[in-house]
Structures are given as C-alpha cells and as structure tokens.
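Accompanying notes for the structure given below.
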Amino acid sequence: MDRRSCGQKPPKRAKTSMTDTNRTQEEYPKDSLDRYGDDLCGVILSYLSLEECFRFECVSKQWQRSVFKRQNYVNVEKHVKKWQIMSGKTIEDIDWQILESVVRKCPNIRRFDIEIHSEVTGRVFE
Amino acid sequence: MNGEYSLDTTEGMAASGDPPTNNAVDDYDAEEALERQREEENKIKIKLKSFEGGVYECGLTAAKMSVMVANMLDALQETDLTKIATREPIPLQNDAVTNKALEKIVEWVDHHWDDPPIDPDFDDEKERRNEELSHWDKQFIDIADQGELFDIIAAANFMDIKGLVEVGAKHICNKIKGKSCTEVREMLKIHNDFTPEEEAAIHKENEWIYAKD
C-alpha cells in the first residue's frame, strides 16, 4: 500500500485493526487518523450525514473504502429535494443516476426512504 | 501476557441474569432488581492496568461497560464478586491504552455506568445515532491534544465500549462538519493517496451533492 507518514514526530502508533492478521504493522503518528484501521475509521465516519459521505469520499482511499460502509438507513428524499430546489428542477426531474450512485456506493443499505408524489414517477414505479 | 485473564469471545453474556417474565409487573420488578444489583456491584472496585503500567480503580458495573473486560471477568467464573476486587489488575494490552487514555476512560464509565444498556438490535439505533452529545460528554471529549483524543477512541474501541466510541466518533464528525476535504486532511493529518486525476473523477461523480443555487 502506498502510504507515507506525514511528519516524523514521535510517538507513533501501530495501526489499530481487529481484522489485521499480519504482524507487519505500519506505524503512524499518533495524532493522524491514518493510524486507524478501516473498521474503526468506518465506525467514526458512520456518523456523517449522507451528504458529507459524498463530500468526503475523496479525502483518502481509506475514507473512500470506509465512508459508505455503515450507511444503513438512507433518506434520500431530503437530498433529492434539496438538489431539485438548488438546480431549479421539479419533482418530475429526479436524476436516476444520482439514486443509482447512492445505491451503488452504499453496500449495506437496509432502508431507503423516499417519498415521491407525481404522475410520472407513479408510472415509473408501476 | 498474564495468563490469568483470557479473552473469551463466545457471546452470550448479555442475556444471562434476565429471568423470563410474563407480565408488566414482573418486568418492572425484574428491572428494579437488576438496577439494584448493578448499583451494588458498582460499589465493588476493580483495577485496570494501562499499557504503560498505570493502575486505575473502577466500579465493577462501570468496568463492565467494556465488553472486553466483561468477557474477561465472565471467564473467571468467580461467584463471589467481592473477590474480584482483590485480584491482580486487569492488563489492557494495546498501545492506545496509555495512562492518560485509561484515566479518561475510567472517568467516562464512572459517569455513565447507570446508563440504560445499548441494545444494538433495537430499532431506535437510528435515533440514538442522530442524538446530540450531552453537555457532559461534549466537555469530556473536547480534548486539545489530538493524539490523546485518538488514543482514547482507539482504546475504547479496543476495550469495546460502544458508547464511548460513539462519543468520540460524533465529536470528530462534528469537528469536520462543513469543512472541505483539504481542511479535513489537514485537521486529522490524513495523507491524500489519490492522484489529482482520481480525485477529480470522484468530484465529478459526486457533483450533485455540491449543487449550489
């Protein structure tokens, strides 16, 4: 893995991971979040809103791997509505690509909340 | 490793002690009794030993908020709980469990020991996740030294104290709310391992989330 430590300040910490079985652990500055394994990183990031998950996906590869893992409950309604208002679209203009991208990126969705009232979408759902 | 304590990973400690009840009155009585038992047990003090060797005292009920410590204690199969107090300190073998971190963790569990236990299968998990931190927790977790903060969260994760990990996680998420990716990297000292092209591609894909009027 291509990881460099940022800064050479002592004290270092071994990567925290309960799933890491190999003993060749890299060490990270103790004040760097990079020291956390994917599991703990995922737990931390699970408290972000869906919107922030998308915004922070490009922080690092670890974040990209972890950020959507624990998004179990997704209420896209708010986001889609906001997007509609911001881009001046009406309820009929749902961008299905957005919904597809949400579903693709969040592998563990258990619930997906969206409420749509319109003839067009009514037909789509039929 | 101290051979005295072994980590028994088999589940099943949570449900023990709850007798099956048939009606609301029994339920209430059982709850009362359990509460009293927890209170009594918390008067028993046990010792926890940090990775650096510092020993800290902690109420038994409070200490059991750590699933790891609870499992270790269960593995002892000690029926006389008062004997636990005279035992050797429980060693916590992880470099994140520094003296400072353990001191803070003991402070946290001592304050929270009588919280209602978290039921992970319960549906109000979503509500709890969205709940704001209490004033006490906010002050508790507002730690200037980021290395120390990360130690505490990592140590709480190692000891399996879900509530405290949650406090830490919410705190970090609150701190980065509304920040840009660059600011987040700077703040949490995260190394950006994307190429500029990769980053641009993600940006493009997620464009809709940045939509502004």
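The values are calculated or read from the model by the stated rules, or taken from the named source; none is laboratory data. Being a predicted model, the structure only gives us computed values, none of them experimental. Cβ sites come from the backbone with ideal geometry, for glycine too, and all protein chains shown count toward neighbours.
Details
The rows are residues; the columns are (1) within 19 Å of residue B:133 (Cβ to Cβ); (2) free of Cβ contacts under 8 Å to residues at least 40 places away in the same chain; (3) surrounded by fewer than 21 Cβ atoms within 10 Å (Cβ to Cβ).
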| residue | (1), (2), (3) |
| --- | --- |
| B:156 | yes, no, no |
| B:161 | yes, no, no |
| B:165 | yes, yes, no |
| B:178 | yes, yes, yes |
| B:183 | no, yes, yes |
| B:192 | no, yes, yes |
| B:195 | no, yes, yes |
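- Selection status of residue B:73, within 14 Å of chain A (Cβ to nearest Cβ) and surrounded by 14 or more Cβ atoms within 10 Å (Cβ to Cβ): no
- Of all residues in the stretch A:42-62 being outside any loop (DSSP other than H, G, I, E, B) and farther than 15 Å from residue A:108 by Cα, the one that is modelled with the lowest pLDDT: A:51
- Scanning the stretch B:72-93 for residues that are among the polar types (S, T, N, Q) and under 15 Å from the mean Cα position of the chain (by Cα) gives no hits.
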